[in-house]
Amino acid sequence: MRARKISLKIADGKTSGLLRLPTKSAAIFVMAHGAGAGMEHPFLENLSAGLAKRGIASLRFNFPYMEAGKRRPDSPAVAKQAIAAALERAKKEAPSLPCLLGGKSFGGRMASQLAAEKSLSILGLVYLGFPLHPPDKPATKRAAHLPSITVPQLFLQGTRDKLADLALMKETVAPLKKATLLIIDGADHGFDVLKRSGRTPQEVLDELADSVMQWTMKLV
């Protein structure tokens, strides 16, 4: 099914959203985009469609800077306000469904900060490539708030992700309560794979969608 365009009210105005709500859904995923591409990026569109086939609804939305056509991401405060507004809208659109929160890279990171600061009525957090550090600069400072999160967390990370050294990622997730790290073999930060890997983009998308669905069903 196709996603339906909606308008979201945020602190300083409005932004666009895309709601995909299958008739039979187990949960709804409020999916924030990464820093460099908006809610209509093919990766998010294809993943949203794949999740819908597996009974997971989704609400995507643009951060204010992306809606305005700017390149520089919003401040964390503004980004978190937008995420909170999207989460509230998802609960109104699908009041009977538990909510997943998270998204791609920057979006997932901002969602995690919001969850660390406030008690949210959500089923869990899903990170599509958590940006643990800047490219090729291993560090864990960006994960300092993660232990404060009380809901289950799912980390989906590629083995070629230059924004998340795999060894550091494992060390970061291991002590977290109710956290799961799933490794996507051969994928980079955008979940692209090399041709020589023998894997197709669709196979990677299917693995991601299956992983989110299976993890969600265990929580439900």
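Just so you know, all these numbers are worked out from the coordinates, no wet-lab data involved. Bear in mind the structure is a predicted one, so any value in this text is a computation, not a measurement. Ideal geometry is used to build each Cβ from the backbone, glycine not excepted, and the neighbour counts take in all protein chains shown.
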Over every pair of different alpha-carbon atoms in the range 89-189, take the mean of 1/r and invert it; report that Kirkwood radius in Å.
-> 13.8 Å
Taking the Cα atoms of the range 41-88 alone, what are Rg (to one decimal) and Dmax (as a whole number) in Å?
-> 12.7, 34
Helix-only mean residue ellipticity at 222 nm for the chain, each DSSP H run of n ≥ 4 adding -39500 (n - 2.57), per residue, nearest 500 | -10500 deg cm²/dmol
Relative packing of 190-196, 152-158, 164-170, which averages over residues the other C-beta atoms within 10 Å, highest first = 152-158, 164-170, 190-196
GNM top mover of Ala174, Ala84, Ala27 - the chain, alpha-carbon springs below 10 Å | Ala174
Treating cross-link reach as a plain straight distance, find the aspartates and glutamates whose alpha-carbon is under 13 Å from the alpha-carbon of Lys5, omitting any fewer than eight places away in the same chain.
-> Glu40, Glu45, Glu93
So what are the range 4-219's ellipsoid semi-axes, whole angstrom, largest first, if each one is the square root of 5 times an eigenvalue of the alpha-carbon gyration tensor?
-> 24, 20, 18
Among the listed pairs Lys104/Lys177; Lys80/Lys104; Lys53/Lys162, those beyond 25 Å (Cα-Cα) | Lys53/Lys162
Pick from Asp210, Asp12, Asp188: which residue has the top mean-square fluctuation in a GNM of the chain where Cα pairs under 10 Å get a spring?
-> Asp12
Ranked by how many other beta carbons lie within 10 Å on average, peptides 135-147, 112-124, 13-25, 51-63 from highest = 51-63, 112-124, 13-25, 135-147
